[in-house]
Amino acid sequence: MWTLKDYAKQHGIKYRAAWNRYKRGLIPEAIKDEFGKILIPENTTGKPSKVVCYARVSSTMNKQNLETQAERLISYANAKGLKVDSVVKEIGSGLNDARPKLMRLLTDAD
């Protein structure tokens with residue numbers, strides 16, 4: 001069994017990020033012992049079941065930057081050993097919070 005500190009080190013993240021994952025329920029196999037210590041089975045891969053890259057620029061004038069951003073996200077995910085399932089690209093102003101594609105992505109149950 002790993003402690004949350006071990007889990008964070010194994011996954012290359014800080015302890016606080018591991019704690020946030022635990023609190024959000026993103027480490028479903030984690031258990032709390034009788035002393036309140038969070039324990040995680042060592043066979044936990046920590047790999048997400050679905051990887052989606054989201055890229056956004058603020059205007060159509062930056063459309064080329066959108067493509068470059070998406071390519072960089074895919075390269076990063078592949079370098080981390082993740083297979084990208086889909087790429088979502090969106091053009092939206094920073095003046096409002098309208099992000100329909102992002103909201104659809106976040107509420108998608110798949």
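The values are calculated or read from the model by the stated rules, or taken from the named source; none is laboratory data. Every value quoted in this text rests on a predicted model; they were computed, and no experiment measured them. Quick reminder, even Gly has a Cβ in these numbers, built from the backbone with ideal geometry, and neighbours come from all protein chains shown.
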**Report entry** Test result for residue 52, touching a Ser or Thr at 6+ places or on another chain (Cβ under 6 Å), within 30 Å of residue 6 (Cα to Cα) and hydrophobic (A, V, I, L, M, F, W, C)
**Finding:** yes
Query raised in the report: Which condition number does residue 1 fail, the rest of (1) modelled with pLDDT under 90; (2) touching a helix residue (DSSP H, G or I) at 6+ places or on another chain (Cβ under 8 Å); (3) among the hydrophobic types (A, V, I, L, M, F, W, C) being met?
Result: (2)
Requested in this report: Output the residue which, of all residues in segment 37-57 that are at pLDDT 90 or above and not aliphatic (A, V, I, L, M), is farthest from residue 91 (Cα to Cα).
Outcome: 37
